[in-house]
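**Student:** One structure is given below, represented as structure tokens, and several questions about it will come after.
The values are calculated or read from the model by the stated rules, or taken from the named source; none is laboratory data. Computed from a predicted structure; not experimentally measured. In this analysis, Cβ positions are derived from the backbone assuming ideal geometry, glycine residues included, and neighbour counts consider all displayed protein chains.
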Ligand SMILES: [Zn+2]
């Protein structure tokens, strides 16, 4: 290799199939502010500009949660994104929600991509073989660069079984040292870049335990890292979500070591001139869905977002619709991180699918007070576990119909202090009628008389908007950190 050289690494993570400009939340002083951001044509424009500036000393990686999250993606099982992604000049990816279509469909999508899907931690259950390559080697700017992928490891642990049919997922910690060894001793790489979808806390822990990774591109937990985190000699970045940001890391490399770096979290701003070729691809992909998606189904006076961990306006809207549709006393949904905000004004079909792209059926269950506390404790541990590897959730379980006072810092099983239903304490032995969406809302092990209804959540949301016009949503203090 050249004695001293440079490389610019660009990161895309958790873009969740946001094809085009959409609203994004930014904290501004004491409140949330909203402005449009993102879209692949603007992403392409930024990447093209960096390539021109850096004379192709550029590596561009995608950490996954790419093929799922919006209606056009869902309706085509990710296929609508393929021509767009193939136009971006990506070098490799790893995955998470891509598995929602089932492993076989995802493998088809991977075959259509012009870059590899990497994962050291996915195994065929029967054969113990790995269905995806573990690494690839790229020669860029006089450097041999080893790319290693670690996919999301919770797919077979907390998500619907169809997502992981025939597969098992590990943390990747056991596998990583031997892959690093192969890359250094057999492939003679100068630099190793890890493309991870474990989550930021998990990646920081892993990089403290395994040496030899130069750059860790971290995904899954939607962190906007305005500056990199350094773990030992590993530079770790993560770059928001919804394709509203790109991470840029300019590395100076000497004798196989990163000797200097600069970083920028680039906002994919509305005023960036879209790349015309990718813009055409985006218009073409969206055209079959445009009319339906732009249909106005209501109006909101509250800005609906999903950006805080304990309770959000967007999920309270969803939970209110669940309560009204079923007449239940409580409602539960998973604390998903994806979902672009909806600003005051018209609400469209597109907005509703961004909230809950799977459009699952509504279910009901009768659940005891004791089970509710157990379910909340389990969820709080998965969200706030001291051991990062035990963090397997998104945000705190979205809930409505009670007020829980919690001690986040407590050990597992000891966080829920008191739960009130109205003015009365939750009763352990009493069955409460609850409504929910997906097994991540209320897992199968909880409750009795579990029923799946014919109505799906998008219809319930539309019905709720029709009745409550304009929509106004308030936070209820469902979880109070004490
Ligand atoms: Zn994810």
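**Student:** Go through 70, 66 for me and flag whichever is closer than 26 Å to residue 192 by Cβ, at pLDDT 95 or above and within 16 Å of the ligand (Cβ to nearest atom). Spell out the reasoning first.
**Tutor:** On the way: 70 fails: closer than 26 Å to residue 192 by Cβ.
Of 70, 66, the one residue that is closer than 26 Å to residue 192 by Cβ, at pLDDT 95 or above and within 16 Å of the ligand (Cβ to nearest atom) is 66.
**Student:** May I pose another question? Is it fair to say residue 363 is under 18 Å from residue 404 (Cα atoms) and touching a strand residue (DSSP E or B) at 6+ places or on another chain (Cβ under 7 Å)?
**Tutor:** Details: under 18 Å from residue 404 (Cα atoms): no; touching a strand residue (DSSP E or B) at 6+ places or on another chain (Cβ under 7 Å): yes.
So residue 363 fails the test.
**Student:** Then there is this: Counting only residues that are within 16 Å of the ligand (Cβ to nearest atom) and outside the structural domain of residue 34 (by TED's automatic domain parsing), give me the strands (runs of 3 or more DSSP E) lying completely in region 173-249 with at least 1 of them. Quick ask: steps written out before the conclusion?
**Tutor:** Working: elements: 191-196, 215-218, 229-231, 234-237.
It comes to none.
**Student:** Regarding region 390-399, can at least one residue be identified that is closer than 19 Å to residue 316 by Cα, within 16 Å of the ligand (Cβ to nearest atom) and part of a helix (DSSP H, G or I)? Before you say what the answer is, go through the steps one by one.
**Tutor:** Going residue by residue through region 390-399, those that are closer than 19 Å to residue 316 by Cα are 393-399.
Of the ones still in play, those that are also within 16 Å of the ligand (Cβ to nearest atom) are 393-395.
Now restrict to residues that are part of a helix (DSSP H, G or I): none.
No, the conditions are met nowhere in region 390-399.
**Student:** Of these, 52, 32, 41, which one is in the same structural domain as residue 217 (by TED's automatic domain parsing) and either within 16 Å of the ligand (Cβ to nearest atom) or within 21 Å of residue 314 (Cα to Cα) (or both)? It would help to see each step written out before you state the result.
**Tutor:** Details: 52 fails: either within 16 Å of the ligand (Cβ to nearest atom) or within 21 Å of residue 314 (Cα to Cα) (or both); 41 fails: either within 16 Å of the ligand (Cβ to nearest atom) or within 21 Å of residue 314 (Cα to Cα) (or both).
After ruling out the rest, the residue left standing is 32.
**Student:** Quick one: what pairs do we get from region 220-233, first residue closer than 18 Å to residue 248 by Cα, second away from the ligand (no atom under 12 Å from the Cβ) and part of a loop (DSSP other than H, G, I, E, B), C-beta under 7 Å, 6+ apart or different chains?
**Tutor:** That search, which allows pairs on different chains as well, returns 222/240; 224/240.
**Student:** Also, I was wondering about something else. Residues 208, 196: which one is more than 21 Å from the chain's Cα centre (by Cα) and at pLDDT 95 or above?
**Tutor:** Numbers: 196 fails: more than 21 Å from the chain's Cα centre (by Cα).
Among 208, 196, only 208 is more than 21 Å from the chain's Cα centre (by Cα) and at pLDDT 95 or above.
**Student:** Restricting to region 193-208, name every residue that is surrounded by fewer than 24 Cβ atoms within 10 Å (Cβ to Cβ) and either in contact with a strand residue (DSSP E or B) (Cβ under 6 Å, 6 or more places away or on another chain) or within 28 Å of residue 4 (Cβ to Cβ) (or both).
**Tutor:** The answer is 200, 204, 208.
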